[in-house]
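Below is one structure; the comments refer to it alone.
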Amino acid sequence: MQEGSCQDNGSHTRDHAAPEGGAGSSVPDAPMSAELAPAARAPLYAARDLNRCSGLLALSVLLDSSVEHYRGNFHNKAMYTPLSVSTLSLAASVHGVTGRRPLGHKTRLAVFALAIVTGVAGTLFHVYDIIRKPGGFSWQNLFYSAPLGAPSALTVAGLTGFFAERVRRGQTQVFGQDAARLAAITSAVAMVGTTAEAGLLHFRGAFHNPFMFLPVAMPPIAAGFLAYAGITTPRTAYPFTRRLLTATSLMGLAGTAFHVYGVSRAMGGWRNWQQNMVDGPPIPAPPSFSALAFAGIAALRLLGAKAPNGPERLGATKTGATGAVPRA
Amino acid sequence: MPVDFDSRPRAVAGRAPDVFDPKGGFVPMRSYDEDEAVDFVIVGTGAGGGTLAARLAELGFSVVAFDAGPFFRPLLDFASDETAQNSLYWTDKRVCDGENPIKMGGNNSGKAVGGSTVHFAMVSLRFRPEWFKSRSALGYGADWPLDWREMWHYYTVAERALAIAGPVHYPWGPKRPRYPYRAHEINAAGRLLAQGCEALGYRWAETPLATVSAPRGKSPPCVYRGFCRFGCSTNAKQSALTVWIPRALKAGAEIRDLAMVGRIEVDDQGLARGVHYVREGKWRFQRARHVVISAYAIETPRLLLNSATDRFPQGLANSSGLVGRNLMTQSNQAAWGRMEDQVRWYKGPPSLTITEHWNYEDRGKDFFGGYCWMGQGPMPIEWVSVQTGARGLWGERLRTEMMDYNHQIGVKMVGEMLPDEANRVTLDSDTDQYGLPIPRITYRWGDNDKRLIKHALDQMMMSLDSVGATKLFRQEDDTNHLAGTARMGFTPETSVVDADCRSWDIPNLWICDGSVFPTTGGVNPALTIQAIALRTADRIKALAIRGEL
Ligand SMILES: Cc1cc2nc3c(=O)[nH]c(=O)nc-3n(C[C@H](O)[C@H](O)[C@H](O)COP(=O)(O)OP(=O)(O)OC[C@H]3O[C@@H](n4cnc5c(N)ncnc54)[C@H](O)[C@@H]3O)c2cc1C
Ligand code: SF4
């Protein structure tokens with residue numbers, strides 16, 4: 001199902017026919033050969049995929065920080081910042097997803113840059129919140145003080161949006177590095193970071209449900225393969241890595257369901273939702289795995305487009321669907 | 001609160017209350033005939049009796065466990081109201097005397113299925129290993145006939161069964177396995193204790209607690225409302241009522257609530273035959289092959305003494321004359337103060353952090369034994385009684401002081417008091433509502449006890465001072481947990497029971513609760529009582545296999 005939300009899922013034929021594509025100077029008008037057109041369009045598709053991911057991440061940050069900072073009573077005015085910045089990032093991402101022009105956009109770029117900076121500042125705030133308490137970097141403070149890893153989700157949302165901007169303009173380089181590789185490696189690293197966060201919190205929950213091991217075990221494997229794809233010579237298709245990423249994204253959604261169930265196990269269950277949504281397992285958290293997996297899949301597509309034998313998606317989408325899910 | 005517990009037992013007709021059912025349902029319960037000699041009758045269903053009932057039933061023995069108190073349904077019966085919860089305590093008539101009479105009631109004894117653990121503070125600590133050899137290793141008290149390594153194993157089993165939420169690394173004592181659940185978030189009072197310790201250069205830790213920090217079975221995670229010592233209305237607390245009793249019922253034990261055992265009957269061969277008990281206003285008799293008493297440090301010796309016969313005129317299991325002697329309580333003094341910022345110490349379980357520094361440090365002491373101190377969070381009425389009792393405040397001054405409730409902080413000790421034969425439980429001529437002679441409890445603090453208390457109070461005051469608390473004062477009089485009165489030991493002359501909790505005098509009479517402690521250590525006793533009960537169950541099984549029961 002992630003294919004529908006974050007990947008064009010073979011719908012390129014429809015996009016392909018869209019008239020506004022003509023505005024893109026890099027895409028030749030009129031009769032395009034079946035081999036050429038998707039390759040040439042790949043940057044736009046990939047950019048929009050990346051924007052879907054940055055948007056999903058921003059949404060996850062928005063919901064999560066709203067709940068958590070509300071729980072913290074917004075005792076510091078700065079605690080409103082991630083709410084507004086993630087809202088902006090979400091808007092910029094939506095704008096990116098709906099925009100069909102293969103051009104960069106200054107405001108979007110600025111918003112994503114702001115998200116990157118906010119995420120970094122948030123991390124520093126959270127570090128400070130931990131070290132000022134007795135025990136400093138202790139398990140107690142890592143468990144219960146401001147979560148160390150959470151603000152970086154905003155940074156990753158910003159970075160993903162930032163890459164999208166570059167890729168959309170047809171740039172193959174970001175920060176002097178190859179954009180496709182960088183996108184793959186960034187998602188992989190972020191996925192490991194998210195795993196660490198999930199691991200910490202599930203450890204706090206004493207892994208009381210065996211399923212709690214899944215988000216600690218699976219994403220690092222997917223991230224490993226994704227990072228490997230990012231550092232080796234691009235190939236036309238990455239069926240196995242794709243499957244792993246698809247599974248990871250599904251796991252993220254299943255995680256939400258588990259957290260909904262987790263809330264029901266607290267005293268009063270959902271009848272006492274006002275308290276239990278705040279104190280129970282964070283419902284908006286697991287989809288960040290999905291978002292990062294989508295970003296990884298988008299990165300694979302970019303890599304595929306660079307492969308000597310043509311775009312990865314051609315190989316993978318012959319049947320219309322990616323073929324990843326059914327043939328797993 | 002539901003009414004009329006005294007007359008209407010709930011565990012009857014093959015079913016017992018399902019403590020986890022918010023609608024007041026029941027679980028099936030096996031029932032035994034009174035004429036059928038069950039393998040074990042257990043008197044008392046608290047830390048000792050509840051644990052033993054579960055384990056013996058799981059090991060295949062037939063078990064009937066009696067408790068004088070009601071079978072509560074925490075989800076339905078428990079109110080968030082200090083006074084409404086008085087029904088949890090053993091407040092029957094007693095005489096307390098001696099130089100330092102012990103105040104009996106909520107602070108030290110429960111009367112309910114689940115015993116005192118229903119309203120205990122959940123602090124679950126292990127003994128320092130040397131305490132099992134206090135006399136030979138540290139020069140005071142008496143040695144236990146138990147090896148600390150074996151106890152270490154049973155502590156682990158108990159901690160798993162209770163899903164203790166504790167720190168990832170416990171800073172004192174030999175290595176122990178990781179606690180099954182992670183420590184709870186500490187509240188402001190707990191943090192101030194930590195700051196105080198850091199200022200004094202002592203280590204501190206999150207207190208290992210028997211309340212879950214994440215869901216467990218039908219127990220929701222703790223909601224940090226702090227009513228723990230008045231019964232936990234969510235079942236987050238892992239008490240005998242929520243852990244061992246359900247296990248016992250599942251394994252086929254019968255629980256008889258509101259059933260007060262008044263006498264153990266002994267036959268001509270000098271063996272226990274069963275117990276006389278009163279339920280629904282009628283005296284009854286249950287036959288048994290073995291009788292275990294787990295009624296805690298006052299009621300256990302009282303029952304033994306009340307069961308005297310011509311053959312055992314001093315009471316049962318009392319050839320040593322030690323039944324009722326060596327009663328110990330623990331010193332529970334406190335230092336209190338006021339912080340400029342709000343603390344709101346009532347949030348969460350009362351003792352979220354601890355320092356066991358003076359349990360493990362022997363240098364610089366002018367006394368034997370050890371103590372720890374923990375964060376505190378008394379509820380308002382409790383706090384009033386400290387203000388009126390320890391400070392003698394009244395009227396307008398009391399009112400103004402109470403306005404500071406949210407700013408108050410405090411630390412309270414659990415200190416080791418030494419065994420003394422003169423501290424004891426005897427029978428009084430007065431009788432209770434069942435017509436049974438009531439216990440007389442005689443207590444005096446020894447010089448060592450007083451030195452330990454003074455040391456602890458000075459230390460606790462320093463720790464409060466170092467975090468900037470003002471208006472400091474000492475609460476000098478409090479005591480809490482009980483132990484002793486039927487000590488275990490190496491010989492029939494110097495103890496009441498052996499290492500297996502089997503009485504020396506009557507081979508089918510056992511005592512398994514806090515009364516078997518030869519010394520009481522500087523930590524709360526319930527985990528040790530449960531570890532002993534776990535061991536006793538295994539020993540009984542082993543003896544049965546060898547035909548030595
Ligand atoms: C307020 C409070 C807080 C505490 N906090 C802690 C803590 O944090 N940590 C800790 O380790 N310990 C704590 N304790 C102490 C701990 O609860 C007790 O040490 C422990 O429960 C004693 O276990 P037991 O089996 O010996 O007796 P109990 O648990 O008291 O059980 C004895 C049972 O026997 C029943 N009984 C007695 N006589 C008869 C009879 N004749 N017939 C039928 N039934 C009878 C009673 O009704 C009672 O239910 C606390 C105690 C109290 C009161
Ligand atoms: S604070 Fe936790 S353990 Fe204590 S009564 Fe409330 S839920 Fe139960």
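The values are calculated or read from the model by the stated rules, or taken from the named source; none is laboratory data. Just so you know, these numbers come straight off a predicted model, no measurement behind them. Note that each Cβ is placed from the backbone with ideal geometry, even for glycine, and that neighbours are counted across all protein chains shown. To get the accessible areas, we keep the full protein, side chains included, count just its heavy atoms, and leave off ligands, DNA and RNA. Shrake-Rupley method; radii C 1.70, N 1.55, O 1.52, S 1.80 Å.
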> What residues qualify as long-range amide H neighbours of B:Arg263, i.e. H under 5 Å apart, gap of 5 or more or another chain, H built at 1.01 Å from N?
Replying inline: B:His276
>> Over region B:264-349, what is the relative contact order in percent, taking alpha-carbon pairs closer than 8 angstrom and at least six residues apart?
In response: 16
> Tell me, what is the 1.4 Å probe accessible area of B:Ser124, in Å² to the nearest 10?
Replying inline: 0
> When only Cα pairs under 8 Å and 6 or more residues apart are kept, what is the percent relative contact order across chain B?
Replying inline: 22
>> With N set to the number of residues, divide the alpha-carbon radius of gyration of region B:7-118 by 2.2 N^0.38 Å and report two decimals.
In response: 1.21
>> Can you give me the distance in nm between label points at B:Glu36 and B:Ala542, each placed 7 Å from the Cα along the Cα-to-Cβ direction?
In response: 3.0
>> Give me the net charge for the shell around B:Phe285: Cβ to Cβ below 14 angstrom, other residues only, Lys and Arg +1, Asp and Glu -1.
In response: +1
> Where nothing but the Cβ of Lys and Arg (+1) and of Asp and Glu (-1) is charged, how large is the charge dipole of region A:36-310 around its Cα centre, in debye to the nearest 20?
Replying inline: 760
> Under the definition of partner shielding as Cβ atoms of other protein chains within 10 Å of a residue Cβ, what is the mean value for peptide A:132-139?
Replying inline: 5
> Which of the lysines could a cross-linker span from B:Lys454 if the Cα-Cα distance has to be under 27 Å and same-chain partners fewer than 8 positions apart are dropped?
Replying inline: B:Lys103, B:Lys133, B:Lys365, B:Lys412, B:Lys471
> Around B:Phe66, which amide H atoms from residues at least 5 apart in sequence, or from another chain, sit under 5 Å from its own amide H, with H modelled in the peptide plane?
Replying inline: B:Ile42, B:Val43, B:Gly44, B:Arg256
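Can you tell me the length gained on complete extension of the stretch B:Arg284 to B:Thr431, counting 0.36 nm per residue apart and subtracting the Cα distance?
51.0 nm is the gain from fully extending B:Arg284 to B:Thr431.
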> Zone of B:Glu198 (label point 7 Å along Cα→Cβ, backbone N under 13 Å): which residues in region A:133-166?
Replying inline: A:133-142
> Dimensions of chain B along principal axes (Cα, Å, largest first)?
Replying inline: 67, 54, 47
> Which of the lysines could be linked to B:Lys282 by a straight reach, that is with a Cα gap under 30 Å, when you skip same-chain ones fewer than 8 residues away?
Replying inline: B:Lys93, B:Lys111, B:Lys250
> Accessible area lost on pairing B with A, both sides, 1.4 Å probe, Å² to nearest 100?
Replying inline: 1700
> What number, rounded to the nearest 500 deg cm²/dmol, is the helix-based mean residue ellipticity at 222 nm of the protein assembly as shown, given -39500 (n - 2.57) per DSSP H run of at least four residues and division by all its residues?
Replying inline: -12500 deg cm²/dmol
>> Please report Rg (one decimal) and Dmax (integer) in Å for the Cα set of region A:88-127.
In response: 12.4, 40
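Within region B:51-111, report the GluC sites (Glu not before Pro) that DSSP leaves as loop and that have at most 13 other Cβ atoms within 10 Å.
B:Glu99
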> Can you give the average number of partner chain beta-carbon atoms within 10 Å of each beta-carbon in peptide A:260-272, as a whole number?
Replying inline: 3
> Under the Kirkwood approximation for Rh and a Cα-based Rg, what ratio Rg/Rh is obtained for the protein assembly as shown?
Replying inline: 1.09
>> Looking at the calculated P(r) for region A:36-310, what percent of the C-alpha pair distances fall above 25 Å?
In response: 45
> Under the Karplus relation 6.51 cos²θ - 1.76 cosθ + 1.60, θ = phi - 60°, what is the ordered set of whole-Hz ³J(HN,Hα) values for region B:503-509, x standing for Gly and Pro?
Replying inline: 6, 5, 7, 10, x, 9, 10
> B:His481's amide H: which non-local residues (gap 5+, or another chain) put their own amide H closer than 5 Å, with H modeled 1.01 Å from N in plane and none for Pro or chain starts?
Replying inline: B:Gln330
>> Give me the percent relative contact order of region B:125-192, please, defined on Cα pairs under 8 angstrom at least 6 residues apart.
In response: 22
